[in-house]
Amino acid sequence: MAKAWKEGAAGAPSFASDFEVLKKAVLQVTDIKTNRNKYYAIELHQAQGGGGDHPFRVYTHYGRTDDLEANPNAGVRESRFFGSRGEAEAQYTKIYKQKTSKRKGYKEVDLASSRIGSHKARGTSSGHVDAKTLERLEGEKDGKGKKAKAKKPKPSQLPGPVQELVQYLYDEATNALTQTVQARITANGIETPLGVLTVGQVEKGERILDSAYDVYQEYAETSGAAKRARLHDRLTDLSGEFFTMIPHRIGRSRHAVKRAVLDTLEEFQAKQETLQLMKDMLQVDGEASGVLFDPEIDKKYDALKCTIEYVDPSSSEFGEWREYVESRQLKTKHLKVKNVYRVARGVEQERFDGKVGNEQMLFHGSRIKNWVGILSRGILLPKIVVSMGVNRTDAGWLGNGIYFGDASCTSLYYTSPGRRKTRFMTIARVALGKPKEFTKITYGMDAPPPGYDSCHGVRRKKGFTSQFDDDEFVIYRTEQQKLEYLVEFTG
């Protein structure tokens, strides 16, 4: 292998300051067993204007990933010099194959904008990046290829309460993400110590999580100690692969890293929620370039593609919905409505299947970090999570559907408070049609029984036996519901 010269080393061959990056890759490995959390950037350079005896070089930048968060300039930089492109490419390929071998375990990551490597490579994409992301990043530059200067925010055209709501929901989603994932929000998007994540990178994480869950299922159903140990060893490897793709804040100590092994249902659910949150945030950021970082609240609002109107607290409309929410408490009496907003997602309005009939106004609660996603893409059918077998808090007892309740206190238990000490639930118009009633939990359904349009888990009452603590209404087609109100409350 050619001699590697550390940056600034005495006697190192000179190389032109102006060069072209012919090839590059950003590699990462998180190995829980050995407490490794490392990156390795590799680039092939060609000097401009001749380059003397060494017109080509292989440039590498490597170190511990956690160090980059505190010091973006951390790590070791080395160069290997060559007289021909063929020799340089052979060296590049050799290093790449060595690092990505099973023994070393590095994986290439897809970044919309790299934060490591040479000064020429930083700020450029690495790996496979979708055309839409590249187009967005290019659109942020001026005609000379430089980053466009930030514009002074325009005054908002939104009513004050709507501005406050939008900022509140974005802040909660952002905080939840950055406290879990080793990332920060920048003008380019979700930026890890290595660079800006892409949707494709998140999807790689999803595929690894699916594989890990397959192993976990076998692990949970196995009683033999030796086989369980082998399966847990495999879970440890896959957990490391997951954190390689999606950097998390898992700590540097060996004990902290060991605790990060994904080996409980709760951990799989938490990671799936994190990935969905990342996709939601990347989606709204793609709707309006850099909206997560942009101070203009109107751009954040527009990226939701959802109409939000504040209901005046002195109006009869507010009074009616406050009474509707607060009176429908079966197990609590402390739920209090603070604000009500009319909401309308255009796509839902167009697709709503009113022909099903039996429309009811029902409640659906969710954690505060999820509302940017729900308002921007609607309530999702939980196909991925339920197919993985994860015990969801908002679905599962009547299969793979969207769950609603007719008691506001039921939705309360699926919410979480934000910095204003308030929570959120939606009131949705739901076309139940002909519901099939159940008194026993029935897993695995993807649709109501033939002849029915929805399912109803009937709650137990005095003299009436049922496995359901609350009335649960389930639909299996998103066209049977549309969001109409967002309720902010304490409870």
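FYI, it's all coordinate maths here, none of it is from the lab. Note that the coordinates shown come from a computational prediction; the quantities given were computed from them, not determined experimentally. When we count neighbours, we look across all protein chains shown, and the Cβ atoms used for this are built from the backbone with ideal geometry, even at glycine.
Test of understanding: express the Cα radius of gyration of the range 5-127 as a ratio to 2.2 N^0.38 Å, with N the residue count.
Expressed relative to 2.2 N^0.38 Å, the Cα Rg reads 1.06.
Taking 7 Å along the Cα-to-C-beta vector as the label spot, tell me the Ile441-Gln217 distance in nanometres, rounded to one decimal.
1.8
If exposed means no more than 14 neighbouring beta carbons inside 10 Å and the site is in a DSSP loop, what's the longest run of the chain without any exposed GluC sites (Glu not before Pro)?
It works out to 141-491.
If R0 is 56 Å, what FRET efficiency do you get for Glu266 and His119 from their C-beta distance, rounded to 0.05?
0.80
Need one word for the range 252-295: rounded, prolate or oblate. Basis is the Cα gyration tensor (sqrt eigenvalues a ≥ b ≥ c); a/c below 1.5 gives rounded, then a/b vs b/c decides.
Oblate, because a/c is 1.5 or more while a/b does not exceed b/c.
Based on the alpha-carbon gyration tensor of the range 212-369 and its eigenvalue square roots a ≥ b ≥ c, which shape applies: rounded if a/c is under 1.5, prolate if not and a/b is larger than b/c, or oblate?
prolate
To the nearest 10 degrees, how steeply does helix 265-287 sit against the main Cα axis of the chain, on a 0 to 90 scale?
Result, in degrees: 80.
Measure nothing but the geometry: give the 0 to 90° angle between the long axis through the Cα atoms of 199-221 and the longest principal axis through the Cα atoms of the chain, rounded to 10°.
The two axes meet at around 70 degrees.
With label points built 7 Å along Cα→Cβ from the Cα atoms of Leu380 and Thr178, find their separation and express it in nm.
2.3
Find which of Gly365, Thr439, Gln349 sits farthest along the positive direction of the dipole of the range 348-491, computed with +1 on the beta-carbon of Lys and Arg, -1 on that of Asp and Glu, about the Cα centre.
Farthest along the dipole direction, towards plus: Gly365.
Which percent, to the nearest 5, of DSSP beta bridges fully inside the chain are antiparallel?
Bridges in the chain that DSSP calls antiparallel: roughly 95 percent.
Assuming 0.36 nm per residue, please report the length gained on full extension of the stretch His334 to Arg419 beyond their Cα-Cα distance.
The His334-Arg419 span can extend by a further 28.7 nm.
List, in order, the whole-Hz ³J(HN,Hα) value for each residue of the range 241-254 obtained from phi through the Karplus relation with A = 6.51, B = -1.76, C = 1.60 and θ = phi - 60°; use x for Gly and Pro.
5, 4, 6, 5, 6, 10, x, 10, 7, 10, x, 9, 5, 4
Under the rule of -39500 (n - 2.57) per DSSP H run of 4 or more residues, summed and divided by the residues of the chain, what mean residue ellipticity at 222 nm is obtained, to the nearest 500 deg cm²/dmol?
-10500 deg cm²/dmol
Which FRET efficiency, nearest 0.05, do Arg249 and Asp130 yield, Cβ-Cβ r, R0 22 Å?
Step by step, r from the Cβ atoms, then E = 0.25.
Taking the inverse of the average 1/r across all pairs of different Cα atoms in the chain, what Kirkwood radius in Å do you get?
Computed over Cα pairs of the chain, the Kirkwood hydrodynamic radius comes out at 25.4 Å.
In whole angstrom, how far apart do the alpha carbon centroids of the range 179-213 and the range 291-335 sit?
The range 179-213 and the range 291-335 have Cα centres separated by 31 Å.
How high is the FRET efficiency between Ala12 and Arg103 when r is their beta carbon distance and R₀ equals 35 Å, given to the nearest 0.05?
Step by step, r from the Cβ atoms, then E = 0.75.
Going by the alpha-carbon gyration tensor, a ≥ b ≥ c the square roots of its eigenvalues, is the range 421-491 rounded (a/c under 1.5) or, if a/c is not under 1.5, prolate (a/b greater than b/c) versus oblate?
oblate
Could you give the Stokes-Einstein D for the range 32-81 in µm² per second, using the C-alpha Kirkwood radius, 4 °C, 1.567 mPa s?
Roughly 103 µm²/s, to the nearest whole number.
For the residues Lys24, Lys434, what sequence is obtained by ranking on other C-beta atoms within 10 Å, fewest first?
Lys434, Lys24
Which percent of Cα-Cα pairs in the range 155-301 sits in each 5 Å bin, short to long?
Reading the bins upward from 0: 2, 9, 17, 19, 16, 12, 9, 7, 5, 3, 2, 1, 0, 0.
Find how many whole Å separate the alpha carbon centroid of the range 225-266 from the alpha carbon centroid of the range 44-72.
Going from one Cα centre to the other spans 32 Å.
Note the full-extension length gain between Ala225 and Lys33 as 0.36 nm times their separation in residues minus their Cα-Cα distance, in nm to one decimal.
Length difference between fully extended and current span is 67.2 nm.
How much of the calculated P(r) for the range 305-490 lies past 29 Å, in percent of all Cα pairs?
For the range 305-490, the share of Cα pairs beyond 29 Å comes to 18 percent.
Which is the longest stretch in the chain that no exposed loop site breaks, taking sites as chymotrypsin sites (Phe, Trp or Tyr not before Pro) with a DSSP loop state and at most 16 other Cβ atoms within 10 Å?
The longest such stretch corresponds to 1-292.
Do any of Lys305/Lys369; Lys104/Lys258; Lys331/Lys369; Lys23/Lys94; Lys355/Lys434 go past 23 Å between their Cα atoms, and which?
Those over the limit are Lys331/Lys369.
Collect residues whose amide H, placed 1.01 Å from N in the peptide plane, falls under 5 Å from the amide H of Glu296; neighbours closer than 5 in sequence don't count.
Here nothing satisfies the definition.
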